[in-house]
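Take a look at the structure set out below.
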Amino acid sequence: MALSRHCKHHVFPSFHGKDVRRGFLSCLLKEFKEKGIDVFMDNDIERSKLIGPELTEAIRGSLFAMVLISRNYASSTWCLNELVEIMKCWEEYKQTVEVIFYEVDPSDVKKLKGDFGAVFDKTCAEKSKEEVERWRKALQIVAQIAGYHTNNFVTDAVMIEKIVTDVSNKFNDSTTSNDSDSLVGIGTHIRKIESLLSLESAEVRKVGIWGPSGIGKTTIARALFRELSSKFTHAAFIESIKGNFEQSYGDEHAFKLHLQKQLLSETLNQKDLKIGHLGVAKARLKDKKVLVVLDDVDDLKQLEAMTDKSCWFGPQSRIIITTKDKKLLIAHEINHIYHVDFPSTSEALEILCMSAFRRQSPSSGFEDMALEVIWLAGNLPLGLRVFGAHLRGMSRDQWIHALPSLRRSLGGEIEKVLRFSYDALSEEVQELFLHIACFFKGGRITDVVECLAESRLNVDHGLQVLLDKCFISKDEWGRRLVVHNLLEQLAKEIVRKQSVSYPGKRQFLVDAQDIREVLEGKAGTGTIRGIDFDLSEVREDLTIDE
């Protein structure tokens, strides 16, 4: 594991040596070393009442600060002064702070009571009010950071394993996620969502992040979580909620128990948590300031199981939900909704180029082709990254030969993501989407409703579902239907796969060559419900018998 160029050490530990050095800390350091995690140790520094510039530099130059609070931690002015500097870095520089409560109750640290409080009071004797207040404030803040408590683990070994795994994963996230600053447009998204979160407010607030598949909802939510999680006593990013349905668990009670167990387990950092009734979530979280991200929610009952009432969570808690379905958020009475819009052309070009060329602009001679790829991807970030990765390392001639295949079909990853969303639609709404994507792209809404009035489809309801789930949108005047290029390709691919070898057995015919073969070969069947024939795509004479 290589050090980031921004830090001198991975971890700076603050601890009281007599309490933990020979036992818990030595085992923890051994595990860190095996993981390749570099820990700063101050063995050669002469201890005094004040920490010197060398220690201050070591704290500020570490990716993580780890505060190991034990019974006699507050007996050392050295430890307390380290803590003041660590809390300063946490507040001013957003340094990640990991807190371990070793055989001491976090509430005793926060309220300075019990044995821990007595030790602190003894240390404060004959100290200045200013110095005591700095220590008191630092202890109160650190006690509210979500940490590891020995009471929650069967053995020290289990606790150490959890700490080392978490730190290792967080280090990997911080160095391989391109850092939030390098994600195109991420700063703007975060600022707008933070405004909706209103972090200063004491209320419990829920915010929805809404947009189509592949737009970057999860990427934005992860960046936001990394930036905000340290401000909460407990934080959890719960991935891929989608696909959790009541039917899978037999009944509603078992379904809700499963999701609440997942919520509590990840929020409280407890693996083998057992809950027997649905009141446990409220009982365990009602006094805690938590940040919870529920990623990719696709069913209202998932929200009802995990975040039904605001009173389940402590003051200033924030719940963030990412979803493709706006109606789901509204049904759960979430009024603060952030719509993730498509990136601008310049942002889309940068996303593509970072994937294809490892730089922010296209290489010489690739400019026009890069713009065509952007058009093919419809500015969708997922499409831009997948297409860019596919084209990476190719010469200009290879790009020219590769573009036709991009025009005709989706990449496997793109199709998988979009197809999952399509499969979640009802059969009736699926059919309406295929009609729109194959025949009514850019059409007037009134014309669509009129043309399909005699069909068995509930057009008005279906249009609203497709709008809420981001399968279609309206133009700036609200009169015409807009279908994303990749979703149009998805629809045509779905229709093609209805009968790959015999186009005449498909529901719709939209490919000029397939239509030609069907017409010339008189291979049409009663299955065909519509033909969209662009004669300009036919390169040879078309002969049809009367």
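Going by the structure shown, is L434 touching a strand residue (DSSP E or B) at 6+ places or on another chain (Cβ under 7 Å) and touching a residue at least 40 places away in the same chain (Cβ under 8 Å)? The answer is yes for L434. Could we say that D299 is charged (D, E, K, R), out of contact with any helix residue (DSSP H, G or I) (no Cβ under 8 Å at 6 or more places or on another chain) and over 22 Å from A146 (Cβ atoms) here? No, not satisfied. From the list V158, V132, the lone residue that is in contact with a Cys (Cβ under 7 Å, 6 or more places away or on another chain) and assigned to a helix (DSSP H, G or I) is V132.
Counting residues in region 222-230 that are modelled with pLDDT under 85 and part of a loop (DSSP other than H, G, I, E, B) gives zero. E126 meets all of the listed conditions (1) among the charged types (D, E, K, R); (2) surrounded by fewer than 15 Cβ atoms within 10 Å (Cβ to Cβ); (3) assigned to a helix (DSSP H, G or I) but one, namely (3).
Just to be sure, is R419 surrounded by 15 or more Cβ atoms within 10 Å (Cβ to Cβ), of a type in the set (K, R) and free of Cβ contacts under 8 Å to residues at least 60 places away in the same chain? Here the answer is no, as R419 does not meet what is asked.
For region 281-361, the strands (runs of 3 or more DSSP E) that sit wholly inside it and include 2 or more residues that are crowded, with 19+ Cβ neighbours inside 10 Å and at pLDDT 90 or above are 290-297, 318-323. The residue pairs whose first member lies in region 71-93 and is farther than 17 Å from E133 by Cα and in contact (Cβ under 8 Å) with a residue 24 or more places away in the chain, whose second member is surrounded by fewer than 19 Cβ atoms within 10 Å (Cβ to Cβ) and small (G, A, S), and whose beta carbons are closer than 8 Å, counting only pairs six or more residues apart or on different chains, are W90/S230. Just to be sure before I move on: is I209 out of contact with any Lys or Arg (no Cβ under 7 Å at 6 or more places or on another chain), β-branched (V, I, T) and at pLDDT 85 or above in the structure I sent? No.
The values are calculated or read from the model by the stated rules, or taken from the named source; none is laboratory data. Remember, it's a predicted structure, so these values are computed and weren't measured experimentally. Positions of Cβ are generated from backbone atoms using ideal geometry, with glycine treated the same way; all protein chains shown enter the neighbour counts.
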